[in-house]
Structure formats: C-alpha cells, structure tokens
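Undergrad: Quick one: the structure is below, questions incoming.
The values are calculated or read from the model by the stated rules, or taken from the named source; none is laboratory data. Small disclaimer: the values here were computed from a predicted structure and weren't measured. Here the Cβ positions follow ideal geometry from the backbone for every residue, glycine too, while neighbour counts run over all protein chains shown. These area figures cover heavy atoms from the full protein model, side chains too; ligands, DNA and RNA do not enter into them. Shrake-Rupley method; radii C 1.70, N 1.55, O 1.52, S 1.80 Å.
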Amino acid sequence: MGRQLMLLAPYNALFFKDPHIVNRLKATLDIPVYYLPEACNPRWHRPLAPAGTEPYLVLAGNMYPSRIKLLERLIAKGIPLKLYGSDFPRWLGASSVRSVHTGRCIFREEKARVFRSAAGVLNNLHPAEIMGVNARLFEAAGCGAAVVTEFRATVPELFEIDKEVLTYNDFDELVDQASRLLNEPGLTGLLGDAAVRRTHRDHTYDLRVADILEIIS
C-alpha cells in the first residue's frame with residue numbers, strides 16, 4: 001500500500017489481492033475497489049522436473065524478522081530446509097538460517113525445477129496479509145510443487161485443501177505437514193500434479209486480465 005497515493009488518482013478501478021483491504025475501503029470510501037488474487041504465468045510456472053526428488057523444503061523470498069524466527073524454529077525441530085532469495089539484511093546477526101541459505105535468487109525455469117523437485121515448498125505469509133495470499137502460492141502450485149501454505153480465509157476459495165495444497169494455522173501443524181511431505185512416499189507428486197491442474201485452469205494472468213477487462217468494460 002505504501003503511501004496509498006493510488007487512492008487519490010481518478011482510476012476506473014483499483015484491484016487489491018487482500019479482500020480485507022477491499023472490504024475496509026468499500027465501507028468507508030466512495031471509490032471503485034475490487035478483489036483480485038495473484039496468479040501464475042504458465043510459460044514459466046510449469047513442471048520441469050520429477051516431483052519430490054530432493055529431501056527438503058524450499059523457500060524462495062526475502063528474509064524479514066517473523067520469517068527468520070519461524071525458519072529458526074523449523075531448523076531446531078530438524079526440518080531440512082533450502083532457502084533462496086536476496087542476501088540477509090545487515091541487521092541480522094548470528095542465525096542458524098544462514099547455514100541453509102544458498103545466497104542467491106532463482107527465476108523462471110530454474111525456479112520451476114527447484115520448486116517441483118523439492119519435497120515441498122514452504123509458503124509462510126507476512127503478518128500484514130490479513131485474508132489474502134501472495135504470488136508464491138500460485139507460482140509454486142503452477143510449477144507442480146507440493147505447497148504447504150499458511151492458512152488464510154481465502155485459501156479454500158482458491159485451492160482444495162489437502163488435495164491441492166496443504167495448510168497450517170500454527171507451528172505444530174506446520175511441523176506435522178512438513179513431516180508428511182518428507183516421509184509419505186508419493187504425497188508430493190499427488191499434491192503437485194493436482195495443484196498444476198487447478199492453477200493452470202483457474203489462476204493464470206490471462207484469466208486475471210479477462211476479469212479486469214470485464215469489470216472496466
């Protein structure tokens with residue numbers, strides 16, 4: 001949201017990925033706001049490797065305090081992790097997370113192969129995500145990854161829980177779901193294949209653009 005300057009512009013429509021923001025703005029402001037989830041690009045986000053050949057959970061993203069604390073707890077529980085993304089912020093001191101970070105970002109086809117080949121993709125959400133979800137959920141699902149995502153109220157509208165994605169509400173549930181992906185043969189492939197079908201059918205940028213054009217036409 002930043003400084004919210006888009007709210008002052010005379011746009012025909014404003015789209016936000018969190019329905020909580022849309023609901024609050026609709027309740028108080030006379031502006032055209034709409035809910036529109038993120039999506040995937042099937043040209044990049046598609047299965048490019050065998051499913052679940054690597055025995056760890058992958059996370060690709062920035063390192064911020066709540067994420068770092070969560071990852072430290074997972075490492076202490078013995079959950080194998082492999083992390084990708086920008087280097088650590090300067091303020092971070094000694095942390096066990098450093099030992100499992102590759103120190104580099106991944107993009108397009110490489111990201112697709114990394115996501116698909118991992119036992120699972122961890123999708124923890126920023127605390128400021130109240131009801132919405134991030135782009136990584138759709139990207140990883142589109143790559144055929146088995147995603148374990150932090151629960152938000154919109155997830156059941158987007159994916160079928162336990163058949164297309166796994167969810168967690170607290171740390172213990174996250175450990176249980178991670179352990180399932182690491183120890184149940186075939187589960188990663190079943191989830192990943194179902195996630196691809198759903199994502200490429202319902203959650204592509206082409207479909208989102210069509211939704212936008214329908215609203216503004």
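Undergrad: Tally up the residues in segment 19-45 that are under 30 Å from ARG113 (Cβ atoms), open to solvent by less than 70 Å² (accessible area, probe 1.4 Å) and either in a loop (DSSP other than H, G, I, E, B) or β-branched (Val, Ile, Thr) (or both), please. Break it down stepwise before answering.
TA: Keep residues of segment 19-45 that are under 30 Å from ARG113 (Cβ atoms), which gives 36-45.
Still in the running and open to solvent by less than 70 Å² (accessible area, probe 1.4 Å): 36-42, 45.
Next, from what is left, pick out any that are either in a loop (DSSP other than H, G, I, E, B) or β-branched (Val, Ile, Thr) (or both): 36-39, 41-42, 45.
Final tally of qualifying residues: 7.
Undergrad: Please find, within segment 88-119, the residue that is surrounded by the most Cβ atoms within 10 Å (Cβ to Cβ) out of those that are touching a residue at least 24 places away in the same chain (Cβ under 8 Å) and basic (Lys, Arg).
TA: Result: ARG116.
Undergrad: Within segment 174-193, track down each residue that is over 19 Å from VAL114 (Cβ atoms) and surrounded by 19 or more Cβ atoms within 10 Å (Cβ to Cβ).
TA: Here is the first cut: in segment 174-193, the ones over 19 Å from VAL114 (Cβ atoms) are 174-177, 179-180, 183-186, 190.
Those that are over 19 Å from VAL114 (Cβ atoms) and surrounded by 19 or more Cβ atoms within 10 Å (Cβ to Cβ): LEU174, GLN177.
Undergrad: Taking segment 124-173 as the region of interest, how many residues are open to solvent by less than 50 Å² (accessible area, probe 1.4 Å), touching a residue at least 24 places away in the same chain (Cβ under 8 Å) and either over 21 Å from THR188 (Cα atoms) or touching a strand residue (DSSP E or B) at 6+ places or on another chain (Cβ under 9 Å) (or both)?
TA: Residues in segment 124-173 being open to solvent by less than 50 Å² (accessible area, probe 1.4 Å), touching a residue at least 24 places away in the same chain (Cβ under 8 Å) and either over 21 Å from THR188 (Cα atoms) or touching a strand residue (DSSP E or B) at 6+ places or on another chain (Cβ under 9 Å) (or both): 28 in total.
Undergrad: Out of curiosity, is TYR64 modelled with pLDDT of 95 or more, hydroxyl-bearing (Ser, Thr, Tyr) and open to solvent by less than 70 Å² (accessible area, probe 1.4 Å)?
TA: Values: modelled with pLDDT of 95 or more: no; hydroxyl-bearing (Ser, Thr, Tyr): yes; open to solvent by less than 70 Å² (accessible area, probe 1.4 Å): yes.
No: the conditions fail for TYR64.
Undergrad: Here's another thing I want to ask about it. For residues that are in contact (Cβ under 8 Å) with a residue 12 or more places away in the chain and open to solvent by 60 Å² or more (accessible area, probe 1.4 Å), scanning just segment 67-82, find the one that is nearest to ALA146 (Cα to Cα).
TA: So the first thing to find is which residues in segment 67-82 are in contact (Cβ under 8 Å) with a residue 12 or more places away in the chain, and the list is 67-68, 70-77, 79-82.
Filter once more, keeping what is open to solvent by 60 Å² or more (accessible area, probe 1.4 Å): 73, 76-77, 82.
Working: ARG73: 21, ALA76: 22, LYS77: 20, LYS82: 15 Å.
Of everything passing the filter in segment 67-82, LYS82 is nearest to ALA146 (Cα to Cα).
Undergrad: Which pairs have Cβ atoms under 7 Å, sit 6 or more apart or on different chains, and link a residue in segment 42-57 that is within 14 Å of ARG197 (Cα to Cα) to one that is among the β-branched types (Val, Ile, Thr)?
TA: Every condition considered, the pairs that remain are PRO42/THR204; PRO47/VAL196.
Undergrad: Please give the helices (runs of 4 or more DSSP H) falling wholly within segment 59-171 in which 2 or more residues are more than 23 Å from ARG208 (Cα to Cα).
TA: Working: elements: 65-76, 108-117, 135-142, 155-158.
Because the criterion is at least 2 residues that are more than 23 Å from ARG208 (Cα to Cα), the helices (runs of 4 or more DSSP H) in segment 59-171 that meet it are 65-76, 108-117.
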